[in-house]
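**Q** Take this structure first; my questions come after.
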Amino acid sequence: MLSPEERAEIEAEIHHYPRKEAACIEAMKVVQKHRGWVSDEGIRDVAEIMGMTPAEVDGIATFYNLIFRKPVGKHVVMACDSVSCWVMGYENVRECLRKKLGVEMGQTTPDGKFTVLPIACLGDCDHAPAMMVGEDLHHDLTAEKIDEVLKRYS
Amino acid sequence: MSADPLKKPLTRNIDPTREPFDLKQYEAAGGYQAVAKVLKMDPKEVTETVKNSGLRGRGGAGFNTGLKWSFVPMGPDAPRPKYLICNADEMEPGTMKDRVLLEGDPHSLIEGMICAAYAIQAEKAFIFLRWGYTLSEKRLRKALAEAYEGGWLGKNIKGSGYSLDLIPHISAGRYICGEETALINALEGKRANPRTKPPFPQVSGLFGKPTIVNNVETFCNIPPILTNGVEWYKSLGLTEDAGTKLYGASGKVKRPGVWELPMGTPIREILEGHAGGMREGLRFKGLLPGGASTDFLVEEHLDLPMDYASIQKAGSRLGTGTMIVLDDQTCVVGMVLNLTQFFAQESCGWCTPCRDGLAHAVKLLQAIKRGEGRMEDLNKLDQLCRFMGPGNTFCALAPGAAEPIQSALKYFRADFERLIPKQPMAQAV
Ligand SMILES: Cc1cc2nc3c(=O)[nH]c(=O)nc-3n(C[C@H](O)[C@H](O)[C@H](O)COP(=O)(O)O)c2cc1C
Ligand code: SF4
Ligand code: FES
């Protein structure tokens with residue numbers, strides 16, 4: 001069931017659009033913000049408030065890579081694998097993350113702290129290689145810098 | 001220290017070492033004067049001015065902005081509501097210019113959008129912002145709240161009788177959302193497949209109503225044009241294209257970055273002057289002039305001006321104006337494979353040449369990179385590029401994806417061939 005906060009935030013979004021269903025993506029983002037990811041239950045909750053079927057909502061959810069349909073760790077590490085970062089050493093970044101966190105791209109550390117994902121260009125190409133941890137951007141990455149950045153997240 | 005507003009109109013208020021101007025500071029620097037002026041003008045006159053300025057869309061395609069606005073139905077019988085959308089998706093790999101404006105001077109984007117909305121008489125506007133721009137989002141939301149508070153947005157703006165709402169929408173990802181009709185579907189809460197055109201959004205866009213979509217940098221050009229005039233704007237460009245441009249460089253150059261320079265600045269000046277040339281021990285090999293979906297240019301092109309016509313004549317596109325530089329130590333095949341994997345992953349899957357062609361191109365490039373390619377694979381890649389070319393797909397993603405592949409095969413074919421094993425000798429009996 002949607003919490004009162006979730007419901008209020010979704011309704012504020014619905015208010016911006018002439019058709020309720022238009023706020024469907026926003027609604028999923030609200031659910032994800034509160035629960036970390038969008039479970040089947042989350043899909044059903046969004047479907048109910050949107051007046052859509054869960055299948056319709058899931059069809060939309062699966063199009064967008066930033067709607068997480070699987071649980072993720074406390075911090076999502078997204079390493080840019082696009083061209084400028086590739087030229088500047090994305091492969092080192094990936095190696096570094098693998099060594100430090102002991103997981104491959106797409107996996108979550110056993111303690112549930114980090115999920116590591118590849119991501120397309122972060123628009124920070126003049127400071128490549130770049131990655132985001134949660135909402136924060138980190139760039140000009142080196143092995144030492146990655147080490148130091150990861151320590152900041154507990 | 002901020003720049004000379006008459007030389008660097010886009011970055012006039014930008015200083016990355018401090019917070020962007022708040023409403024008070026922005027107004028003190030002459031901000032929102034364009035809106036004040038526009039509100040007293042006939043909407044059509046605003047469109048005409050922008051059209052005459054020669055401003056071309058900075059999102060990649062380079063269409064005349066005022067001309068685009070002029071297709072919107074006007075007058076009392078026009079369908080309502082009308083919509084204005086700012087494309088702040090900036091997901092073209094190698095592109096980091098809109099971020100500079102969003103983070104550096106959000107009020108100038110808002111001011112540009114109000115002027116544009118007034119010109120087409122839109123009652124609602126959206127900023128479609130990519131998810132990863134969290135700092136932009138924070139600064140934009142603050143600036144929006146100030147603009148409402150200051151009476152530049154909302155009902156009856158400054159007593160003019162004109163009202164406008166401006167709403168930020170944060171994307172849930174996928175490169176294709178930057179294509180304007182896919183963006184419109186995303187804003188409607190749907191899967192972001194592009195739409196067939198016609199009808200064009202100017203006539204039937206968001207929720208079937210007249211809609212204009214413009215890029216962040218395009219909007220930021222509007223207030224200076226309206227404040228300083230068409231002649232001034234035209235005089236800024238070094239060649240036939242008007243205004244200034246945010247150019248950028250990434251890759252193994254000494255000083256990667258983004259700079260506002262006169263439109264038509266030569267490539268060499270950007271590469272060697274502003275970006276400082278190649279890093280120690282590396283040599284220049286080629287560059288993609290305007291993001292991932294543009295054709296490679298090489299040494300012989302370095303003295304060309306970075307404007308629409310010159311780059312097109314050289315067989316590429318100005319695109320977003322942010323160049324990705326290739327050095328002699330980086331594997332061309334690897335770089336092209338990286339680009340093609342991106343496009344294959346981001347294809348929305350609607351058209352066969354894009355969905356199947358890109359997947360096939362990735363397989364061929366992977367084989368070549370592993371040393372398992374064959375000479376005929378290069379011809380197959382050439383063929384796939386033609387198959388994905390303009391006119392065969394619903395949107396420009398596939399033709400854009402073909403550009404780096406086809407030009408790499410043209411200029412760096414030897415690098416591909418070098419990775420292909422020589423035919424095994426026939427065994428002697
Ligand atoms: C696959 C694809 C992605 C695009 N991504 C963007 C983008 O991120 N930002 C943008 O402004 N334009 C993007 N465009 C171009 C838009 O479709 C549209 O032409 C542009 O927003 C119009 O604005 P302008 O006339 O001000 O350039 C993209 C086009 C395609 C085909
Ligand atoms: S070209 Fe590719 S991305 Fe564009 S509509 Fe066709 S399948 Fe979708
Ligand atoms: S390519 Fe990595 S930030 Fe742009």
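The values are calculated or read from the model by the stated rules, or taken from the named source; none is laboratory data. All figures in this text were calculated on a predicted structure; none of them were measured in a lab. Virtual Cβ from ideal backbone geometry, glycine too; neighbours counted across all protein chains shown. The protein model used for the area step is the full one, side chains on, heavy atoms only, and it has no ligands, DNA or RNA in it. Shrake-Rupley method; radii C 1.70, N 1.55, O 1.52, S 1.80 Å.
**Q** What are the residues in region B:307-345 that are more than 20 Å from A:P129 (Cβ to Cβ), out of contact with any Lys or Arg (no Cβ under 7 Å at 6 or more places or on another chain) and not assigned by TED's automatic domain parsing to the domain that holds B:A408, if any?
**A** Those that are more than 20 Å from A:P129 (Cβ to Cβ), out of contact with any Lys or Arg (no Cβ under 7 Å at 6 or more places or on another chain) and not assigned by TED's automatic domain parsing to the domain that holds B:A408: B:D307, B:A309, B:S310, B:Q312, B:K313, B:A314, B:G315, B:S316, B:R317, B:L318, B:G319.
**Q** Among the residues of region B:272-292, write down those that are touching a residue at least 40 places away in the same chain (Cβ under 8 Å) and either open to solvent by less than 10 Å² (accessible area, probe 1.4 Å) or of a type in the set (F, W, Y) (or both).
**A** Within region B:272-292, B:A275, B:F284, B:G286, B:L288, B:G290, B:G291, B:A292 meet the criteria.
**Q** Looking at (1) in the same structural domain as B:G373 (by TED's automatic domain parsing); (2) within 18 Å of the chain's Cα centre (by Cα); (3) surrounded by fewer than 18 Cβ atoms within 10 Å (Cβ to Cβ), which one does B:V362 not meet, given that it meets all the others?
**A** Evaluating B:V362 over (1) in the same structural domain as B:G373 (by TED's automatic domain parsing); (2) within 18 Å of the chain's Cα centre (by Cα); (3) surrounded by fewer than 18 Cβ atoms within 10 Å (Cβ to Cβ) leaves (2) as the failure.
**Q** Right, something else. Would you mind stating whether B:D303 is in the same structural domain as B:P266 (by TED's automatic domain parsing), farther than 25 Å from B:V100 by Cβ and modelled with pLDDT of 95 or more?
**A** yes
**Q** Listed residues B:P93, B:P73; which is outside the structural domain of B:A309 (by TED's automatic domain parsing), closer than 26 Å to B:G178 by Cα and within 16 Å of ligand 2 (Cβ to nearest atom)?
**A** B:P93 is the lone residue from the list that is outside the structural domain of B:A309 (by TED's automatic domain parsing), closer than 26 Å to B:G178 by Cα and within 16 Å of ligand 2 (Cβ to nearest atom).
**Q** Now for a separate question. Might you check whether a residue that is within 14 Å of chain B (Cβ to nearest Cβ), under 30 Å from B:N338 (Cβ atoms) and open to solvent by 30 Å² or more (accessible area, probe 1.4 Å) occurs anywhere in region A:38-60?
**A** No, because not a single residue in region A:38-60 is within 14 Å of chain B (Cβ to nearest Cβ), under 30 Å from B:N338 (Cβ atoms) and open to solvent by 30 Å² or more (accessible area, probe 1.4 Å).
**Q** I've got another one for you. Checking the structure you have, find out if any residue of region B:72-86 is crowded, with 23+ Cβ neighbours inside 10 Å and within 10 Å of ligand 1 (Cβ to nearest atom).
**A** Checked against the condition, which is being crowded, with 23+ Cβ neighbours inside 10 Å and within 10 Å of ligand 1 (Cβ to nearest atom), region B:72-86 yields at least one hit.
**Q** OK, next. Going by what's in this entry, would B:G273 be described as more than 16 Å from ligand 2 (Cβ to nearest atom) and more than 14 Å from chain A (Cβ to nearest Cβ)?
**A** For B:G273, the condition - more than 16 Å from ligand 2 (Cβ to nearest atom) and more than 14 Å from chain A (Cβ to nearest Cβ) - is met.
**Q** Conditions first: (1) open to solvent by 50 Å² or more (accessible area, probe 1.4 Å); (2) away from ligand 1 (no atom under 13 Å from the Cβ); (3) more than 14 Å from chain A (Cβ to nearest Cβ). B:S204 passes all but one, so which condition is the exception?
**A** (1)
**Q** Quick check: is even one residue across region B:319-336 on the phi < 0 side of the Ramachandran plot, within 12 Å of ligand 1 (Cβ to nearest atom) and part of a helix (DSSP H, G or I)?
**A** Checked region B:319-336: no residue is on the phi < 0 side of the Ramachandran plot, within 12 Å of ligand 1 (Cβ to nearest atom) and part of a helix (DSSP H, G or I).
**Q** Taking A:C121 and the conditions (1) surrounded by 15 or more Cβ atoms within 10 Å (Cβ to Cβ); (2) more than 9 Å from chain B (Cβ to nearest Cβ); (3) within 23 Å of B:C331 (Cα to Cα), which numbered condition does it fall short on, given that it satisfies the others?
**A** Going through the list (1) surrounded by 15 or more Cβ atoms within 10 Å (Cβ to Cβ); (2) more than 9 Å from chain B (Cβ to nearest Cβ); (3) within 23 Å of B:C331 (Cα to Cα), A:C121 breaks only (2).
**Q** To continue, here is another question. Sort through A:G42, A:G89, A:G59, A:G51 and tell me the only one that's assigned by TED's automatic domain parsing to the domain that holds A:A128 and over 17 Å from A:V133 (Cα atoms).
**A** Being assigned by TED's automatic domain parsing to the domain that holds A:A128 and over 17 Å from A:V133 (Cα atoms) holds for just one of A:G42, A:G89, A:G59, A:G51, which is A:G89.
**Q** Is it true that some residue in region B:249-260 is closer than 19 Å to B:T95 by Cα and part of a helix (DSSP H, G or I)?
**A** There is no residue in region B:249-260 that is closer than 19 Å to B:T95 by Cα and part of a helix (DSSP H, G or I).
**Q** When you check A:V38 against the structure, is it aliphatic (A, V, I, L, M), within 23 Å of B:Q345 (Cβ to Cβ) and within 16 Å of ligand 3 (Cβ to nearest atom), yes or no?
**A** Against the criterion (aliphatic (A, V, I, L, M), within 23 Å of B:Q345 (Cβ to Cβ) and within 16 Å of ligand 3 (Cβ to nearest atom)), A:V38 does not qualify.
**Q** With the condition kept exactly as written, say whether any residue in region B:191-201 is out of contact with any helix residue (DSSP H, G or I) (no Cβ under 8 Å at 6 or more places or on another chain) and buried (at least 20 other Cβ atoms within 10 Å of the Cβ).
**A** So far as region B:191-201 goes, no, none of its residues is out of contact with any helix residue (DSSP H, G or I) (no Cβ under 8 Å at 6 or more places or on another chain) and buried (at least 20 other Cβ atoms within 10 Å of the Cβ).
**Q** Of the residues A:R98, A:R94, which single one is open to solvent by 20 Å² or more (accessible area, probe 1.4 Å), more than 10 Å from chain B (Cβ to nearest Cβ), at pLDDT 95 or above and within 16 Å of ligand 3 (Cβ to nearest atom)?
**A** Residue meeting the stated conditions: A:R94.
**Q** Which ones in region A:35-93 are of a type in the set (V, I, T) and part of a helix (DSSP H, G or I)?
**A** A:I43, A:V46, A:I49, A:V57, A:I60, A:V83, A:V87, A:V93
**Q** When you scan region B:403-419, do you find a residue that is within 12 Å of ligand 2 (Cβ to nearest atom), at pLDDT 95 or above and not β-branched (V, I, T), even just one?
**A** For region B:403-419, residues within 12 Å of ligand 2 (Cβ to nearest atom), at pLDDT 95 or above and not β-branched (V, I, T): absent.
Yes/no matrix, rows are residues, columns are (1) surrounded by fewer than 19 Cβ atoms within 10 Å (Cβ to Cβ); (2) more than 10 Å from chain A (Cβ to nearest Cβ):
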| position | (1), (2) |
| --- | --- |
| B:G319 | no, yes |
| B:I324 | no, no |
| B:V336 | no, no |
| B:L339 | no, no |
| B:E346 | no, no |
| B:T352 | yes, yes |
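**Q** Let me ask another. Name the one entry in B:I212, B:I270, B:I222 that is within 29 Å of B:L6 (Cβ to Cβ), in contact with a strand residue (DSSP E or B) (Cβ under 6 Å, 6 or more places away or on another chain) and in a helix (DSSP H, G or I).
**A** Step by step, each of B:I212, B:I270, B:I222 is checked, and only B:I270 is within 29 Å of B:L6 (Cβ to Cβ), in contact with a strand residue (DSSP E or B) (Cβ under 6 Å, 6 or more places away or on another chain) and in a helix (DSSP H, G or I).
**Q** Open to solvent by 30 Å² or more (accessible area, probe 1.4 Å), within 16 Å of ligand 2 (Cβ to nearest atom) and in a loop (DSSP other than H, G, I, E, B) - does that describe any residue in region B:305-317?
**A** Within region B:305-317, none of the residues are open to solvent by 30 Å² or more (accessible area, probe 1.4 Å), within 16 Å of ligand 2 (Cβ to nearest atom) and in a loop (DSSP other than H, G, I, E, B).
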